[in-house]
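Below is one structure, written out as structure tokens; comments come after it.
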Amino acid sequence: MNQHATTSVLVSRAGRVLVAEIDNSPVNALSHSVRAGLSAALDAFERDDGVEAMVIAARGKLFSAGADITEFGTSMQQPFLGDIVARLDGSRKPVVAAISGKALGGGLELALACHGRIASAAAFALPEVRLGILPGSGGVVRLPRLVGVEQALEMIAEGKELNSPEALACGLIDRCVDGDLLNAAIGYAAELAASSDAPRRTSALPFPPFDEDRQEEARKRYARKYPGREAPQKAVELFAMASKTPFDDAARREYEVCKELLTTSQSRALRYSFQAEKAARRVETVLNNVQPREIERAGVAGAGTMGRGITVALLNAGLHVTLYGRTETSLERAREAVAKTYASAVKRGRLTEEAVNDRLSRLTGTTGISSMSGCDIVVETISEDLDAKRTLISAIDGTVGDDTIIATNTSFLDLEALASATSRPQNFAGMHFFNPANLMKLVENVRAEKSSALTLATLAALAHRLGKIAVTVGPSEGFVANRMLSKRTREALFLLQDGATPAQVDRVLTEFGFPVGPFALADMAGLDVLAATRASRFDGMSERERSADIVERLVAAGRLGRKSGEGYYRYDADGRKAEDPAVAELLEIHRRERGIGARQIGDAEVLERCLLALVNEGANLVDEGTAARASDIDVVWTRGFGFPVHLGGPMFWASERGLPHILDRLRHYSCAVGEEFFAPSPLIKQLAADNGRLVG
Ligand code: 3HC
């Protein structure tokens, strides 16, 4: 092949087929240099009568991740992707897309405009909706013509990904190959050129019917599933428009809508969240070029709920796991729980029996800690008892190799007290998973005083391998997640004292976008557990916080939350919750005894106090260095506690409102509620004075 590079596209000839390979590491984003390269390749293709077909392929691990996100918000340079796509669609000679790895967003739109699509094992998605936008280069107007309205809606309004067999079955691609993709694509392109048929243009296919009933149903479905989100609703509108509008006009409207969505604050927040998650992965130690250690064998010490979830997460990522339980009975229960998790995945079609057998074959149970000796990492995950944890960690330390990393899953114990139980403090750190550990995306990796760069880099890489978003934080009581949560919980309790009801606070926060309010969450966690946590923090509490002993009173009345059928709410046999007059009465007595006069509290105050409690504590965590960046706080809250991602997270939310305003409101509540709770963080004061932002 005679090959020459045009910007980020390599152009070559294979007989009478022109081959254009995108080469823009790391993810073949369609940056200006790629668009210019494709445009030049099309010039050559159209000019040269010696070539009769073209293949668009890519170098590297994936076909294309789509538009270059870093160009959003800048003045985009021509040629635009829409121009290239239109030229492809209109080409009188056939063009074939050869898709490997992934075709995402604009990358898939490029392929949709080709006349043939052939793929090896690959994934296909239009994930624009996750960035608060929609495809803007023909994805909306072309995809339904190939795969039908329902499949296309799921992909466009929800970001659903298809694999190659699924893509083949629904008509998104024409062929699937196991072997040499490029050669197969060249052969396919030559076949199309040899055919007497004109190239098959997706734009010439009819748009499938999308009647008003289906539109209405889709609108309602997305309002329920994605409350407050603009882009899924716009997708339905665009489908309705495209179903009755000539192709070119519909394509123009699609582009306009994509451009309009780009300027919305939801899209800014979602794009910010994408970058925040990437930034969180850049642990300083990784930037210092530390190569993470290879982890193949993991130990999980503790067979309770957390240990089981962590075991599943490790097995899913292909690791060998040794699970330690104190007794054969606890181990057996854990094995059953793991098997049950997998059985339900098979039932829901998420895993095959074969995949489950492979996972279970990598699991070994043990009641002897010495079985951990061959592990590259051991995660300790027994209950939060400092002495018991120290004893177990010391036993692990005595049995594993010198290089083994020991991580603790504690959520609030003093990390140094645990590190000192090992002879290898450099190989020790926190790895704080959230329950259920196999499902929750967030992991807080916690730096102990002597944790080495290698240890932290390895934990970050391991979390990534488990499909988690890891944030590396410094030690502090409750780290980042629980320390901030405790401030919101405290504020929610004060709101009850002042006259709000649990149902009001929960409603306001779920209307804001949290999946569950603080009191419903407390009932799930168990009020006895929360009362025990409060007792452990009692010495450090202020008088007012001690006096807000509502949880203790509920527990004394036998109300332990969901598990006892009564907590802040009462629950029926099906687990449906309802307000309980007994709780209103308990609150009334509490206020009377404390001499607090109840007042009507507006929803705006409820929301503001709960959010400002988070914002202020988040700023303190950044200020004192527990969080490396303010955006890490937002990752913790969007991934760990369901802060609505289209609002960015507490730090983004505050920055959008303007820090002078936030400072003003903090000062207001400092007077109204108490200085010790709302005394503005020094960082907020400083940024407000400079009219700066916490993030973004
Ligand atoms: N544009 C620019 N940079 C991108 C990018 C994109 N579309 N996608 C990923 N990157 C960058 C990442 O920021 C990261 O940079 P860093 O190393 O400096 O942090 C680097 O590429 C590698 O990415 P990951 O660390 O995420 O690598 P993974 O292998 O884990 O994942 C991926 C790769 C699956 C491509 C993932 O990055 C991803 O999902 N990217 C987003 C894809 C997307 O949303 N595409 C739609 C874009 S919008 C569009 O196309 C509009 C169109 O309709 C006009």
Does residue 64 satisfy the condition of being open to solvent by 20 Å² or more (accessible area, probe 1.4 Å), at pLDDT 95 or above, within 14 Å of the ligand (Cβ to nearest atom) and of a type in the set (Gly, Ala, Ser)?
-> no
Within the range 470-512, which residues are open to solvent by 30 Å² or more (accessible area, probe 1.4 Å) and either within 16 Å of the ligand (Cβ to nearest atom) or outside any helix (DSSP H, G or I) (or both)?
-> 475, 477, 501
With respect to residue 261, is the statement that it is buried (at least 18 other Cβ atoms within 10 Å of the Cβ) and more than 16 Å from the ligand (Cβ to nearest atom) true?
-> no
Taking the condition in a helix (DSSP H, G or I), assigned by TED's automatic domain parsing to the domain that holds residue 425 and β-branched (Val, Ile, Thr), does residue 310 pass?
-> yes
Quick check: is even one residue across the range 363-381 farther than 22 Å from residue 293 by Cα, of a type outside the set (D, E, K, R) and under 27 Å from the mean Cα position of the chain (by Cα)?
-> no
Write out, first by first residue and then by second, each pair whose Cβ atoms fall under 8 Å of each other, whose residues are 6+ apart or on separate chains, and whose first residue, in the range 491-516, is on the phi > 0 side of the Ramachandran plot while the second is aromatic (Phe, Trp, Tyr).
-> 513/643
Somewhere in the range 203-220, is a residue open to solvent by less than 30 Å² (accessible area, probe 1.4 Å), in the same structural domain as residue 146 (by TED's automatic domain parsing) and out of contact with any Lys or Arg (no Cβ under 9 Å at 6 or more places or on another chain)?
-> yes
Hey, residue 101 within 24 Å of residue 54 (Cα to Cα), within 14 Å of the ligand (Cβ to nearest atom) and in a helix (DSSP H, G or I) or not | no
Does the range 360-375 contain any residue that is of a type in the set (D, E, K, R) and either buried (at least 20 other Cβ atoms within 10 Å of the Cβ) or modelled with pLDDT under 95 (or both)?
-> no
Do any residues in the range 27-48 that are modelled with pLDDT of 95 or more have Cβ atoms under 8 Å from those of residues that are within 16 Å of the ligand (Cβ to nearest atom) and of a type in the set (Phe, Trp, Tyr), where the two are at least six apart or on different chains, and which pairs are they?
-> 28/63; 35/80
Within the range 45-61, the count of residues that are assigned to a helix (DSSP H, G or I) and near the ligand (Cβ under 10 Å from one of its atoms) comes to 0
For residue 42: the one exception among (1) buried (at least 18 other Cβ atoms within 10 Å of the Cβ); (2) more than 14 Å from the ligand (Cβ to nearest atom); (3) assigned to a strand (DSSP E or B) | (3)
Residue that is surrounded by the fewest Cβ atoms within 10 Å (Cβ to Cβ) [pool: residues in the range 572-596 that are touching a residue at least 12 places away in the same chain (Cβ under 8 Å) and not hydrophobic (A, V, I, L, M, F, W, C)] = 575
Evaluate the range 136-146: report whether one residue or more is away from the ligand (no atom under 15 Å from the Cβ), open to solvent by 10 Å² or more (accessible area, probe 1.4 Å) and within 18 Å of residue 200 (Cα to Cα).
-> yes
Restricting attention to the range 517-530, the residues that are surrounded by fewer than 19 Cβ atoms within 10 Å (Cβ to Cβ) and touching a helix residue (DSSP H, G or I) at 6+ places or on another chain (Cβ under 7 Å) number exactly 3
Filter the range 86-112 for residues that are over 30 Å from the mean Cα position of the chain (by Cα) and over 25 Å from residue 179 (Cβ atoms) and give the result.
-> 86, 87, 88, 89, 90, 91, 92, 93
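Quick grid of which residues meet (1) crowded, with 20+ Cβ neighbours inside 10 Å; (2) within 30 Å of residue 613 (Cα to Cα); (3) in contact with a His (Cβ under 6 Å, 6 or more places away or on another chain); (4) not assigned by TED's automatic domain parsing to the domain that holds residue 323:
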position	(1), (2), (3), (4)
383	no, yes, no, no
390	no, no, no, no
400	yes, no, no, no
432	yes, yes, no, no
450	no, no, no, no
455	yes, no, no, no
467	no, no, no, no
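The values are calculated or read from the model by the stated rules, or taken from the named source; none is laboratory data. What you see is a predicted model, and the numbers here were worked out from it, not measured in a lab. Note: ideal-geometry Cβ built from the backbone for every residue, glycine included; neighbour counts use all protein chains shown. Just the protein is used for accessible areas: all its heavy atoms, side chains included, with ligands, DNA and RNA removed. Shrake-Rupley method; radii C 1.70, N 1.55, O 1.52, S 1.80 Å.
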